[in-house]
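Asker: Got a structure for you, questions after.
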Amino acid sequence: MNDRLVIIRGGGDIASGTIHRLVRCGYRVVVLETEQPTVIRRTVAYANAIFDGDMTIEGIKAMKVDHVSQCQKVWDKGHVPVLVDPKGESTQVLKPLVVVDAILAKKNLGTTMNMAPIVIGLGPGFEAGRDVHAVVETNRGHYLGRVIQEGPAMTNTGIPGNIDGYSWERVIRAPKAGIVYTEAHIGDVVEQEQCIGHIGDTPILAPLKGVIRGLIHEGIRVTEGFKIGDVDPRGTLDHCFSISDKARAIAGGVLEAILYFEKGDGSMNKRTEG
């Protein structure tokens, strides 16, 4: 077992808050992603290294690697390796201390307690004590970031966070199935109903006036209604390039869970019920 190694399944913006926090706290981290991540907030998501080769968020850099054997070279540089491994098969080779399922699929895509001495799931789809040792609450509100040691997280509300009175209204969804082509970029200021891209001959329109905070990578094939972006009506450019309050709260929960299970006599699996 590598006693300071954490594998994070998923490299979206919420996962990246956890990745950033753990690296700053001295853990070595590996990020496992899919070949074409459908991440929206790409400017604060280490998954974007899959497309661009590397990704830096608030001073911490991640680099894409093609094989687990390349991870050490990336760690030696002080960076985070990002590997295409949607099934998490590399956990058997790397033997981490911790596995965090941060895919946020609202269901368990194959994470089990035998993957590592400490296994943590983010949000709905996991049950602490059954398939993971702890669950971190991801629903906004009073319990955001809470560490659950027995039972599941709260049911997903399906409602986007409210920003300046806008919730559903700020989400950009695919008007039809097909490949997304973009004409705007994250950080651009747009007007309501401004064309920001297209799928085939169908335009993708901004739902309201504001700053584009998230936009899926060009060339991704999506289904009709798939979330492909969002507009922030506050218009604060820095919010597009910094880790969100939600991601930081969840990161704190993950760090708390790891430290809790690390403490004591070393029998981490014996302490899953507190």
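Asker: Round to a whole angstrom and tell me the spacing of the C-alpha centers of region 1-80 and region 195-213.
Answerer: Distance between centres, Cα-based: 29 Å.
Asker: If you take the square roots of the eigenvalues of the alpha-carbon gyration tensor of region 107-206 and sort them as a ≥ b ≥ c, do you get rounded (a/c under 1.5), prolate (a/b over b/c) or oblate?
Answerer: prolate
Asker: Hey, if you put +1 on the Cβ of every Lys and Arg and -1 on every Asp and Glu Cβ in the chain, which of Gly229, Leu5, Ala247 ends up farthest toward the positive end of that dipole?
Answerer: Leu5
Asker: Next question, about the same structure. Please list, in chain and number order, the residues 5+ apart from Phe126 or on another chain whose amide H is under 5 Å from its amide H, with Hs placed from the backbone.
Answerer: Long-range HN contacts for Phe126: Ala153.
Asker: Cα to Cα, under 20 Å, and not fewer than 8 places away if on the same chain: which lysines meet these conditions relative to Lys87?
Answerer: Lys64, Lys95, Lys106, Lys107
Asker: For region 1-122, what class follows from the C-alpha gyration tensor (a ≥ b ≥ c being the square roots of its eigenvalues): rounded when a/c is under 1.5, otherwise prolate if a/b is larger than b/c, else oblate?
Answerer: Taking the square roots of the gyration eigenvalues as a ≥ b ≥ c, region 1-122 is rounded.
Asker: Now a separate question. If the reach is capped at under 18 angstrom between alpha carbons, list the aspartates and glutamates near Lys176, excluding any in the same chain fewer than eight residues apart.
Answerer: Those aspartates and glutamates meeting the cut-off are Glu193, Asp201, Glu218, Glu224, Asp230.
Asker: Take the Cα gyration tensor of region 78-129, multiply each eigenvalue by 5, square-root it, and list the three semi-axes largest first, rounded to whole angstrom.
Answerer: For region 78-129, the ellipsoid semi-axes come out as 19, 13, 11 Å.
Asker: Using the Cα atoms of the chain to build a convex hull, what is its mean projected area in square nanometres?
Answerer: With the hull built on Cα positions only, its mean projection is 13.7 nm².
Asker: In addition: Quick check on packing: order 36-47, 176-187, 252-263 by the mean number of other C-beta atoms within 10 Å, highest mean leading.
Answerer: The peptides rank, most packed first, as 36-47, 252-263, 176-187.
Asker: If you restrict to DSSP beta bridges whose two residues both lie in the chain, what percentage is antiparallel, to the nearest 5?
Answerer: About 50 percent, rounded to the nearest 5.
Asker: Per 0.36 nm of contour for each residue apart, how much would the distance between Val171 and Glu262 grow if the chain were fully extended, relative to their Cα-Cα spacing?
Answerer: Computed gain between Val171 and Glu262 is 28.8 nm.
Asker: So if each residue of separation counts as 0.36 nm, and I subtract the Cα-Cα distance between Tyr181 and Tyr143, what length gain in nm does that give?
Answerer: 9.9 nm
Asker: Once you put a point 7 Å from the Cα of Lys73 and another 7 Å from the Cα of Leu109, both along the Cβ direction, what distance in nm separates them?
Answerer: The two pseudo-label positions are separated by 2.7 nm.
Asker: Per residue, how large is the accessible surface of the chain? Use a 1.4 angstrom probe and give square angstrom.
Answerer: In whole numbers, the chain has 46 Å² accessible per residue.
Asker: Turning to a different aspect of this structure: If I take R0 = 22 Å and measure r between the Cβ atoms of Phe226 and Met154 in this structure, what FRET efficiency does the formula 1/(1 + (r/R0)^6) give, to the nearest 0.05?
Answerer: Efficiency computed from Cβ-Cβ geometry: 0.35.
Asker: If I model a spin label at Thr38 and Phe241 as a point 7 Å from the Cα along the Cα→Cβ vector, what separation in nanometres do I get?
Answerer: Label at Thr38, label at Phe241, 2.9 nm between them.
The values are calculated or read from the model by the stated rules, or taken from the named source; none is laboratory data. Just so we're clear, the structure is a prediction, and the values are computed from it rather than from any experiment. No Cβ is skipped: glycine too gets one built from the backbone with ideal geometry, and neighbour counts run over all protein chains shown. Side chains included, ligands, DNA and RNA excluded: accessible areas come from the protein's heavy atoms. Shrake-Rupley method; radii C 1.70, N 1.55, O 1.52, S 1.80 Å.
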